[in-house]
C-alpha cells in the first residue's frame, strides 16, 4: 500500500491546544524548562488531548505521536515501540518514579496498560534520552506520566474549595464497552489539597469486518488514585500519593482457538490453538515526596526533591494449552525506591545532580496441572535486585544563542536469587551477579532566533541484565519458551541525533533524525530443548530513522496538524548473522483538520491515519510468530475518524467520535489482534 506524500508533513501536536504555547517540560532535566529550550525530540500531551481524542489506554495515547509504533499483543496489553525499542528498553515513570522493574521481559510487555489515562494530568515523552538522568532502560524513550492533583496553589489563598467531576464513555464497537470515572478535589487554597479519583471499566469484545467478533478480547478493570499535597513552608511542599489498578482475565487472544486467523490481500496470519491464556494484573504505587525551592539569589541549592516509594506488583498467567495441559505462573514483587535530586547555580551554568536507588524483592511460582513446576517459574524464587545510580548534568551557555548540556552517571546493579532451576535439571541453585557502568551525554541547542532552534546530541544508554534475563521462563511468540541465562552481560547503546524546530502563532514544524548503535543486546537464540530460546548477548546492531510534526493555524477557526515517522534497523545474531529488528516502524503518518466555533464551545476534527506495508521481517521471526505477523509482513492501512465536542455550559461537556468510518480491517504491525472496525464513542462529563 502506498501512502500519499502529504504525510511527510508531521505532527502529534495536541489539536486541543490552539495557541500551541510551549509547556513546562520536566523530564528532560528533572527540573522544569520550557519545551522549546530542550535539546531533545519531545512530545507533551495533556488531559484535554487524552479526553478529546478518547484514548482508551496509555499506550493508545501515543498513537498519533511520530516515531512510535503502538503494538498491542492483546486488547488489554500495549507496548509502544519508540525508535525501534520496546518493553524494558524504554523507561516508564509515574510522577518521576520508575515503573520498570527487574521482572520485565524482552519484547512487548503489558505493564504500560496499568497506568489509568483518566488519572493523568499530562505525559512527557523524551526520545533517546539515554541513561544519565534516569539510569538503566532509557534506550528508545523515557515517558513520564504526571498524575492529577488538587491544584491547591492555584486557589485563592486561605479559601476553602471543593469541586469534582463525573465522566461516562460508551463504545459501540463489538459488545460495546462502558467506562466511568468520578473525581473529587477539596482543600484550602495555598495550604493543602486532596484529589481522589476512581475509574471502573468494562471493556467488551471488539470486532471488525474480516474477523468478526474477537471473542474474549474484553476485560474488566478498576483504578483508584489518591493524592494529598501540603505546603509545609514557603517553597517547600509535601506530596503523599497512592495509585492502584486491578485487571482480570485479559486474554492473549491470538494464541487461543478463538482466533480464526486473518487473510488480507495475500497476507495470512494463522489462528491460535490454546484453549485459554489469560493474565491477571494488580499494581499499586505509594510514594512520599518533598520538593523545595530557595528563592534567594545566593542560595547554593536552588531547587531540590526527595521521593520515597513503594510498589507492589502481582502478575499471574493461566494457560490451558490442551484439556490435559494447564500451566500457571505468578510473580509477587515489592519495589522500594529512593530518589534525591538537587539543582544549583554554579559558575556560568546550572548543575543538576543526585542519587537514586531501587530494590526489588520477588517471589515466583509455577504449576502444571496443579503440581508445582519449579523449572517453569517466571523468574527465580526468592530473588532480589538492586539498582543504584549517581548522576550529574551541567547546563552552560558560552554565548547567548548556544546552550551546551553534558552529564555522566555511574550505575551499580546487583542480582541475587535463592531458587533457580533451569529446565531439565532436578535441583534449585542460588546465584548472583553484579555490573558497573559509566554513561555520558553531550547535547547542544542553538537558538537562531526566538522562534527557530537547532539541536544535536550524543547519548549513551545502558541496561543491566535483570532477573528475567538471568533466570526467566516465559511464553513468547507463537508458544516458544523464552529462557534466561545467568551468563548474560549488560547491553550498551549510543544514539546520535540532529533536529530542528520552528514555531509561531500561525505555523510550526519540528524534525529529528537519529541513529542508534547497540552492542551486546540480549536476544533469544535457539536453546538446547525443542521450542525454546535462551537469552544471549548478540553482536552489534543499529536502528535509524526520523520523526516530524507540524501545525498550521489557518485562521482563528481552522487548524491543520500532521505527523510522520519511520525507522529501520538490524542486529547481529550469533547463529543467523545480521537480521531485521523485530517490529520496525513502517512509514506512518496522520493528518488532522480541526474547526472551532467562534465561541470556542464547539469543535469538530477529522483525522486520517495511515501506515505502509511492513515487510522488513526476518523469516525466522515470522515463522515462529505467525499469529501476530502475517506472511509477507503486515498490510498497510488508511483509516479515517471524526470527532466532535460541545461545551454545553460550565457544568456539562459532551463528546462523540466515529472511528474507522470505512470499517476497514487492519492491525498495527506485530499486534495480536486487529484494530476495531467501525464504531461510535459517546462521552459526557459533568463538573461541579
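The values are calculated or read from the model by the stated rules, or taken from the named source; none is laboratory data. Because the structure is predicted, anything quoted here is derived from the model rather than measured. Backbone-built Cβ (ideal geometry, glycine too); neighbour counts: all protein chains shown.
Out of curiosity, is residue 257 within 30 Å of the chain's Cα centre (by Cα), free of Cβ contacts under 8 Å to residues at least 24 places away in the same chain and closer than 25 Å to residue 210 by Cα? Yes.
Of the residues 650, 663, which single one is over 30 Å from residue 526 (Cα atoms), in contact (Cβ under 8 Å) with a residue 60 or more places away in the chain, out of contact with any helix residue (DSSP H, G or I) (no Cβ under 9 Å at 6 or more places or on another chain) and in a loop (DSSP other than H, G, I, E, B)?
Unique residue meeting the criteria: 663.
Looking at 176, 193, just one residue is touching a strand residue (DSSP E or B) at 6+ places or on another chain (Cβ under 6 Å) and without any contact (Cβ under 8 Å) to a residue 60 or more places away in the chain, and that residue is 193. Taken as a whole, the condition of being touching a residue at least 60 places away in the same chain (Cβ under 8 Å), surrounded by fewer than 20 Cβ atoms within 10 Å (Cβ to Cβ) and either in contact with a strand residue (DSSP E or B) (Cβ under 9 Å, 6 or more places away or on another chain) or under 28 Å from residue 146 (Cα atoms) (or both) applies to residue 295.
Regarding residue 278, is this residue under 19 Å from residue 76 (Cβ atoms), modelled with pLDDT of 95 or more and assigned to a strand (DSSP E or B)? For residue 278, the condition - under 19 Å from residue 76 (Cβ atoms), modelled with pLDDT of 95 or more and assigned to a strand (DSSP E or B) - is met. Within the range 458-481, the set of residues being under 23 Å from the mean Cα position of the chain (by Cα) and at positive phi comprises 477 only.
Scanning the range 51-87 for residues that are assigned to a helix (DSSP H, G or I) and under 18 Å from residue 580 (Cβ atoms) yields a count of 1. For residue 200, the test of being crowded, with 18+ Cβ neighbours inside 10 Å and under 27 Å from residue 673 (Cα atoms) is failed.
Could you tell me whether any residue of the range 5-19 is modelled with pLDDT under 85, out of contact with any helix residue (DSSP H, G or I) (no Cβ under 6 Å at 6 or more places or on another chain) and under 29 Å from residue 288 (Cα atoms)? There is no residue in the range 5-19 that is modelled with pLDDT under 85, out of contact with any helix residue (DSSP H, G or I) (no Cβ under 6 Å at 6 or more places or on another chain) and under 29 Å from residue 288 (Cα atoms). Within the range 664-674, the presence of a residue that is over 19 Å from residue 265 (Cα atoms) and under 26 Å from the mean Cα position of the chain (by Cα) is excluded. When residue 215 is tested against (1) at pLDDT 95 or above; (2) in contact with a strand residue (DSSP E or B) (Cβ under 8 Å, 6 or more places away or on another chain), exactly one condition is not met: (2). Scanning the range 189-209 for residues that are touching a helix residue (DSSP H, G or I) at 6+ places or on another chain (Cβ under 7 Å) and in a strand (DSSP E or B) yields 192, 193, 197, 199.
Of all residues in the range 504-539, those that are modelled with pLDDT of 90 or more and over 27 Å from the mean Cα position of the chain (by Cα) total 4.
Those strands (runs of 3 or more DSSP E) of the range 564-647 in which 3 or more residues are more than 30 Å from residue 256 (Cα to Cα) and touching a strand residue (DSSP E or B) at 6+ places or on another chain (Cβ under 6 Å) occupy 588-596, 602-611, 637-647. Every listed requirement among (1) within 21 Å of the chain's Cα centre (by Cα); (2) at pLDDT 95 or above; (3) crowded, with 17+ Cβ neighbours inside 10 Å is met by residue 315 save one, (2).
Residue 147: farther than 15 Å from residue 226 by Cβ and buried (at least 16 other Cβ atoms within 10 Å of the Cβ), yes or no? The answer is no for residue 147. Each residue in the range 61-93 was checked for being within 26 Å of residue 551 (Cβ to Cβ) and in contact with a helix residue (DSSP H, G or I) (Cβ under 8 Å, 6 or more places away or on another chain), and 3 of them qualify.
Look at (1) in contact with a helix residue (DSSP H, G or I) (Cβ under 8 Å, 6 or more places away or on another chain); (2) touching a residue at least 60 places away in the same chain (Cβ under 8 Å) and you find that residue 235 fails only one, number (1).
Scanning the range 565-603 for residues that are in contact with a helix residue (DSSP H, G or I) (Cβ under 7 Å, 6 or more places away or on another chain) and crowded, with 17+ Cβ neighbours inside 10 Å, we see that the one that is nearest to residue 634 (Cα to Cα) is 582.
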